[in-house]
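S.K.: Quick one: this structure, given as structure tokens, is what I'll be asking you about.
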Amino acid sequence: NWLVAELSSFQLKGTQHFRPRVSVLLNVVETHLDYHGDMEDYVQSKAKLFANQTEQDTAVINMDDPVCRQLVSEGRIKAHIIPFAVSQSLPYGLFIEPPFPEELSAPPDGLDREIIWIDREEARHVVLPVHELGIPGRHNAADALAAIGASLAAGAPLEALRAPLREF
């Protein structure tokens, strides 16, 4: 059985023994600073998501987000990492091809994009075209990549994910 829970930085801040087998970090932006006091406390609270994970666990991480990239580069995540990105191709993980422009306000370019999964054996899989996602938008594509990563980490077969991605 699986329990899926969304935890806020407020909830994570007070954890000591929390160990998710699969964790997902979408982004870290300057919010809740009235509660946390400063950005460092906010980042530390978010990073507690990974504090008790081991190599047997999985962390699904947004490599488009600079703070997420920093957590990875600093080695603060011991879990196996499944990276995802919408504005860059990755040698492993989930990404959009061709990538969306980094500039969020870039005008639509009309390119046909696909969701790509490169697995641990470096096999390349086309998950589905981005235009087939049930809800449009770059941010929804990023959320879909995170959901795919978490689902794969939980053992779902890739083929079983296509219909829900189209129908959601």
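The values are calculated or read from the model by the stated rules, or taken from the named source; none is laboratory data. Source: prediction; values computed, not measured. Cβ placement follows ideal geometry from the backbone for every residue including glycine, while neighbour counts extend to all protein chains displayed. These area figures cover heavy atoms from the full protein model, side chains too; ligands, DNA and RNA do not enter into them. Shrake-Rupley method; radii C 1.70, N 1.55, O 1.52, S 1.80 Å.
S.K.: Along the principal axes of its C-alpha atoms, what lengths does the stretch 17-168 span, in descending order and rounded to whole Å?
M.R.: Extents along the principal axes: 42, 36, 27 Å.
S.K.: Moving to a separate point now. Could you check how much of the accessible area of the chain is carbon and sulfur, as a whole percent, using a 1.4 Å probe?
M.R.: Percent of accessible area from carbon and sulfur atoms in the chain: 54.
S.K.: Another one. With a sphere of radius 12 Å drawn around the Cβ of LYS48, what net charge do the other residues whose Cβ falls strictly inside it have (Lys, Arg +1; Asp, Glu -1)?
M.R.: That works out to +3.
S.K.: Let me know the charge dipole size of the chain about its Cα centre in debye, to the nearest 20, where only the beta-carbon of Lys, Arg (+1) and Asp, Glu (-1) is charged.
M.R.: 580
S.K.: Here's a follow-up. Over the chain, what relative contact order in percent results from Cα pairs under 8 Å that are six or more residues apart?
M.R.: Relative contact order here is 17 percent.
S.K.: With every protein chain left in place, what is the accessible area per residue of the chain in square angstrom, probe 1.4 Å?
M.R.: Here the per-residue accessible area is 57 Å².
S.K.: How much net charge surrounds LEU145 when only other residues with a Cβ under 13 Å from its Cβ are counted (Lys, Arg +1; Asp, Glu -1)?
M.R.: Spelling it out: positives minus negatives among the neighbours equals -3.
S.K.: Additional query: Along the charge dipole of the chain, Cβ charges K/R +1 and D/E -1, which of ILE77, ALA144, TYR92 sits furthest on the positive end?
M.R.: Ranked along the dipole, the leading option is ILE77.
S.K.: Next question. If each DSSP helix of 4+ residues adds -39,500 (n - 2.57) and the sum is divided by the residues in the chain, what number results at 222 nm, nearest 500 deg cm²/dmol?
M.R.: The helix contribution divided over the chain gives -7500 deg cm²/dmol.
S.K.: Here's a follow-up. Tell me, what HN-Hα J-couplings in whole Hz come from the Karplus equation 6.51 cos²θ - 1.76 cosθ + 1.60 at θ = phi - 60° for each residue of the stretch 93-98, using x for Gly and Pro?
M.R.: Once θ is set to phi - 60°, the couplings for the stretch 93-98 become x, 10, 7, 9, 10, x Hz.
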